[in-house]
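Undergrad: I'd like to ask you about the structure that follows.
The values are calculated or read from the model by the stated rules, or taken from the named source; none is laboratory data. Treat the numbers as computed from the prediction; the structure is a model and nothing was measured. When we count neighbours, we look across all protein chains shown, and the Cβ atoms used for this are built from the backbone with ideal geometry, even at glycine.
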Amino acid sequence: MAKIFKIFLATCIFCLFTGLAFGKTLFSDSLNWSGSDFNGSGGWQYVNFEKLSTGGVNNSGCMRDYGTGGKAYIDIEGLGNYLELYIRFYAKVEKSTAGQKWLKIFGQRADGDSSTYANVTFGRVYETGYLKQISYGASGAARDTSNVEDYNLSGLFFPSSEWTCYEYHIKFAQAPEWNNGIFEAWVDGVKVAAHYNINNRGTEQSGLYIDEINFDGYGQSSDSAIGYRYIDEVVVSTEPIGTLDSDQSNTSSLTAPENFRVQELNLTFRTSETVITKFIAQGGASL
């Protein structure tokens, strides 16, 4: 019993001093096709995406879209009600000269009311194919992509034909301000877009949460202009994820204050009451 109390109390004090917060990985898939990854298993739904057994980031499996007809999405609604998420994936493009909906985050009311939604797209500009714009709706119950924010840190850049890590952060605005939404993007761990204080959800959309994360091939050009897009190593989390080299999605990094350790813990039991008579945490505090 004493050992259990030691472990429990040491953990509580450790968390108190470090301000530790545990993130949660909601979805992770290396697309190795060891099972049925699509159509419901693991949260996937898809149309016109190819399963490839080789050619991925580590020369394992990946998936490839068919230009304007390809769509694969992760059903987030089935994983819980979330207003803020990080989405990390690796991608490369082939024979591509035009734009598409590179990544679309779709929010809908938990009760399924189709007249209330929010569409946020981290897109490739249709005319040029460059990753440049974040489009979203800023008013009404049905918010489509009527407002545009440019990637404001690095300007224009075209998706690479080599495997590249993309990470996106979306936060829907919350009451009472309704203007505290966030859009951020990283490429190979370098931040390329940062927009804060965004009104991307309002009082008309109370009860709206992130419903789907879409890897959407839709574009306003021919399939041949869109070309192929390859996707691999997909992770969705409530905390920043990082590249594979610095992947934080599967483990939590715990760092104690310098010289922190539990030195002594004495317990005195009195009928139904437990009294802690002495506790010393070096490098922390004395109680």
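Undergrad: If a residue has to be assigned to a loop (DSSP other than H, G, I, E, B), of a type outside the set (Phe, Trp, Tyr) and under 28 Å from Gly202 (Cα atoms) to count, how many in the stretch 162-179 make the cut?
TA: Kept after step one, since they are assigned to a loop (DSSP other than H, G, I, E, B), are these residues of the stretch 162-179: 162-163, 172-179.
Going one step further and asking which of them are of a type outside the set (Phe, Trp, Tyr), we end up with 162, 173-177, 179.
Imposing the further condition that a residue be under 28 Å from Gly202 (Cα atoms) reduces the set to 173-177, 179.
Selection size over the stretch 162-179: 6.
The rows are residues; the columns are (1) at pLDDT 90 or above; (2) closer than 21 Å to Tyr90 by Cβ.
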position	(1), (2)
Arg124	no, yes
Tyr136	yes, no
Ser154	no, yes
Ala185	yes, yes
Gly189	yes, yes
His195	yes, no
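Undergrad: Go through the stretch 120-161 and count every residue that is assigned to a loop (DSSP other than H, G, I, E, B) and within 22 Å of Val57 (Cα to Cα).
TA: Pass one, the stretch 120-161, residues assigned to a loop (DSSP other than H, G, I, E, B): 125-130, 137-141, 144-146, 151-156, 158-161.
Now drop any that are not within 22 Å of Val57 (Cα to Cα), which leaves 158-161.
Here the count works out to 4.
Let's see how each residue does on (1) outside any loop (DSSP other than H, G, I, E, B); (2) out of contact with any helix residue (DSSP H, G or I) (no Cβ under 8 Å at 6 or more places or on another chain); (3) at pLDDT 60 or above; (4) of a type in the set (Lys, Arg):
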position	(1), (2), (3), (4)
Phe215	yes, yes, yes, no
Gly219	no, no, yes, no
Arg229	yes, yes, yes, yes
Val234	yes, yes, yes, no
Pro240	no, yes, yes, no
Gln248	no, yes, no, no
Gln263	yes, yes, no, no
Phe269	yes, yes, no, no
Val275	yes, yes, no, no
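Undergrad: I would also like to ask the following. Taking the condition of being surrounded by 13 or more Cβ atoms within 10 Å (Cβ to Cβ), closer than 23 Å to Glu212 by Cα and in contact with a Gly (Cβ under 7 Å, 6 or more places away or on another chain), how many residues in the stretch 141-196 meet it?
TA: Count: 9.
Undergrad: Suppose we filter Gly227, Gly202 for residues that are assigned by TED's automatic domain parsing to the domain that holds Glu84, within 24 Å of Tyr130 (Cα to Cα) and either among the small types (Gly, Ala, Ser) or out of contact with any strand residue (DSSP E or B) (no Cβ under 6 Å at 6 or more places or on another chain) (or both); which single one remains? Outline the logic, then answer.
TA: Working: Gly202 fails: within 24 Å of Tyr130 (Cα to Cα).
Gly227 is the lone residue from the list that is assigned by TED's automatic domain parsing to the domain that holds Glu84, within 24 Å of Tyr130 (Cα to Cα) and either among the small types (Gly, Ala, Ser) or out of contact with any strand residue (DSSP E or B) (no Cβ under 6 Å at 6 or more places or on another chain) (or both).
Undergrad: Among Thr54, Thr145, Thr121, which is the only one that is in contact with a Lys or Arg (Cβ under 7 Å, 6 or more places away or on another chain) and either of a type in the set (D, E, K, R) or closer than 24 Å to Arg229 by Cα (or both)?
TA: Numbers: Thr54 fails: in contact with a Lys or Arg (Cβ under 7 Å, 6 or more places away or on another chain); Thr145 fails: in contact with a Lys or Arg (Cβ under 7 Å, 6 or more places away or on another chain).
Result of the check over Thr54, Thr145, Thr121: Thr121.
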